[in-house]
Amino acid sequence: MKTSDLLVAVLEREGVEHVFGLPGEEMEDLLFSLRDSKVTFVPVRHEQGAAFMADVYGRLTGEAGVCLSTLGPGATNLLTGVADAHLDKSPLVAITAQGGLERLHQESHQAIDVVDMFGPVTKWNTQIDASDIIHESVRKAFKLAEHEKPGATHLELPENVAAEETLMEPLPVRERVESAAPNAHALDRMKELLKDAQRPIVITGNGAVRTQAAEQLRELVSVTDLPVVSTYMGKGAVSDAERHSLMTLGSGAQKEATSAIDEADLVLTVGYDIAEHDPADWGHGNADIVHVDSEPAEVYEAYSPEVEVVADIGQTLQELVDWCRKAGLSFDTDWYTEYRERIVTDVDREPESDPPFTVRDVLPVLRDAMAPEDVLISDVGSHKMAIAQNFPTYEPNTCIISNGLASMGIAVPGGLAADLAVDANVVAATGDGGFLMNAAEIETATRSGCGYTIIVFNDDNYGLISEKQRDHTGESFGNQLTNPDLVAFAESFGIDGYRPESRPDLQAVLTSAVGDDMALIEVPIE
C-alpha cells in the first residue's frame, strides 16, 4: 500500500475517529487516504482551531486527539494548540505535511524546520523520512502521547514519502504501560505524617482527574473528613456539593480556600502540577507537603515535599483509604467548616437583576441550566477566573479550563470537540477577545452537525489585562476593543443568537438554549 494508506490504517488501528485539520497541497495523498477510511476528516477554518479541538478531545476521552496541517504557515498556526496540550497534559498527536525530501537541503518555498520548532512543545517528534518506519513512528507517537503524564507528539510526513509504496503493516496496539505501585517506605512516611497531623488538607490537581482517581479520592475524603481544595484543572474530582469541598484556590470573597491551606499543618497534593498554579501563590505556612503523583515534584523552593509518593495515583489513594479505615483515622471538621460556609455564601450570593451583568451574576443561572454531567469549556480571560473560583463542579472533566499554557481562543473549537466526545450538553464560555480569535469554527461546527451553546461575555475589552494594569498602576492602556453585532454575527452562520436584557430574560434564554442545537448568547458585562 501507499505510505499514506498505511498511516491511516495505523490511525484506524489506534481507534481514531476524527482528524481535525486544514488541507494543503503537500498532504494530497494523505487526504485521499483519509477519504477512503473509517476516520472522519473534519476540515477547519484555522489550524489553531484544529489543534484546540484535538487538545480538548484528548483531555475528555483520554485517547489522543489528532490534528493535521500542511507545512510552513500551517504548521506554525498549529503550534499554539499543540503547546496548550503539552502544558495541560492532554494526549495529542499532530501530523504536519512537508515538501519532498529532495528539496529540503536548500532554501525552499514554505519550508522551515518544523521538527525543530515542535521540539520544545512535544514529548516526542520526528520526521518520517522513509516509508518503512511509518508503522513504528505512528505507534510510538500514540504510545507516548497517551502514557502518563500524557502530552503532545508530532510527526512530519514529506510528500514524496507519503506517495511511496510500502510492505509494512500496522503494529498491534498493546495495553498502556501502567504507573508503578507505591513504594512501601514512602507510603509509611506518608501515613506517619498523616497520623500526626491535626489539620491536614488535600490539594487536588489535574492528575487526579486525568488518571481517573476521583473515585478513590472521594472515598478517602469520606472516610477521613479531609477538606479538599482543587486547582482549576482539578475541579470536579471531589464534588463541590460535598461539605469537604473548599472549591478552588482563591475561592471565597476573602480567598478562604487559600487561608485554609495556610492554616493547615499538612498538605497532601494529589496530581498537582506547579505549571498550573505557582505554589508560592497559595502558601502553606510551615506545613509539611506530601506529593502524590505519577512523576517526582519539580525542584522549587516554594514547593519542597517532605515525602514524594511517585506511583499510580489511584492505587496510592486506595492504599491510604484502606489504612485509614483500618486505623479508624478521621479528622475534626470544625477548623475548616467556617471556611466552607463563607465560600458557599459567596458563591450563592444573589445576582443583580439588570444588565450590565457581571460574570459572577451569570454563573448561578448557568449552573441551574446545566445538569451535573454537562460540560463547560472555559476560554481564558477574566471570566476564566470567575468560573474557576465560583462555578460549582460536581463531576470530573465537566469544567474544562486551560491553565497550563492558558491559551485564549480555545472555547469555540473546544466546544466542537467536546460535543463529539461526550453525550452530555456542552457550553463554551468565552470573552469577546478570545471569541473572535476562533469564531470562524462556528461554521465548522454547523457543517459537522454539532450542537452546543456559546456564551460570549462582552465588555469590549481585554478585561483581565485591564484589571491587572489598574491593580498595578491605577489605569489601563491598550485593551479597548470594538465588536460586531454578535447576535447578527451568530445568525449569519444560521444559528440562533440572543442578547438578554434582564435577569429573568437571561434565565429564560439559558434554560432554552442549553441543549442539542447551536446557539450563541451575548452577555454584556461591566
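Some points to look at:
- The residue list G515, G449, G497 contains one member that is under 23 Å from G49 (Cα atoms), in a strand (DSSP E or B) and of a type in the set (G, A, S), which is G497.
- Which listed residue, of A439, A490, is in a loop (DSSP other than H, G, I, E, B) and either among the basic types (K, R) or crowded, with 23+ Cβ neighbours inside 10 Å (or both): A439
- Counted residues, the stretch 253-288 - those being open to solvent by less than 10 Å² (accessible area, probe 1.4 Å) and at positive phi: 1
- Among the candidates G271, G236, the residue that is more than 17 Å from Y336 (Cβ to Cβ) and in contact with a Cys (Cβ under 7 Å, 6 or more places away or on another chain) is uniquely G236.
- Residue within the stretch 387-404 that is over 19 Å from A208 (Cα atoms) and surrounded by fewer than 22 Cβ atoms within 10 Å (Cβ to Cβ) present: no
- Qualifying positions in the stretch 251-271 - outside any strand (DSSP E or B), modelled with pLDDT of 90 or more and over 17 Å from M233 (Cα atoms): K255, E256, S259, A260, I261, D262, E263, A264, D265
- Taken together, the residues in the stretch 408-425 that are under 15 Å from the mean Cα position of the chain (by Cα) and either in a helix (DSSP H, G or I) or crowded, with 23+ Cβ neighbours inside 10 Å (or both) amount to 12.
- Qualifying residue in the stretch 106-118 (condition: assigned to a strand (DSSP E or B) and surrounded by 18 or more Cβ atoms within 10 Å (Cβ to Cβ)): no
- Given (1) of a type in the set (G, A, S); (2) out of contact with any strand residue (DSSP E or B) (no Cβ under 8 Å at 6 or more places or on another chain); (3) open to solvent by 10 Å² or more (accessible area, probe 1.4 Å); (4) more than 23 Å from D505 (Cβ to Cβ), index of the condition G381 fails: (2)
- Scanning the stretch 25-49 for residues that are open to solvent by less than 20 Å² (accessible area, probe 1.4 Å), over 22 Å from the mean Cα position of the chain (by Cα) and closer than 18 Å to Q98 by Cα yields M27, L30, S33, L34.
For every residue, the table says whether it meets (1) assigned to a loop (DSSP other than H, G, I, E, B); (2) out of contact with any strand residue (DSSP E or B) (no Cβ under 6 Å at 6 or more places or on another chain); (3) without any contact (Cβ under 8 Å) to a residue 12 or more places away in the chain; (4) not acidic (D, E).
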site	(1), (2), (3), (4)
D273	yes, yes, no, no
H284	yes, no, no, yes
E298	yes, yes, no, no
T316	no, no, no, yes
L320	no, yes, no, yes
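- All positions within the stretch 497-526 that are hydroxyl-bearing (S, T, Y) and either open to solvent by 50 Å² or more (accessible area, probe 1.4 Å) or on the phi > 0 side of the Ramachandran plot (or both): Y498, T511, S512
The values are calculated or read from the model by the stated rules, or taken from the named source; none is laboratory data. This is a predicted model, so every value here is computed, not measured. Neighbour counts are summed over all protein chains in view; Cβ atoms, including those assigned to glycine, are modelled from backbone coordinates with ideal geometry. Note: areas computed on protein heavy atoms with side chains; ligands, DNA, RNA excluded. Shrake-Rupley method; radii C 1.70, N 1.55, O 1.52, S 1.80 Å.
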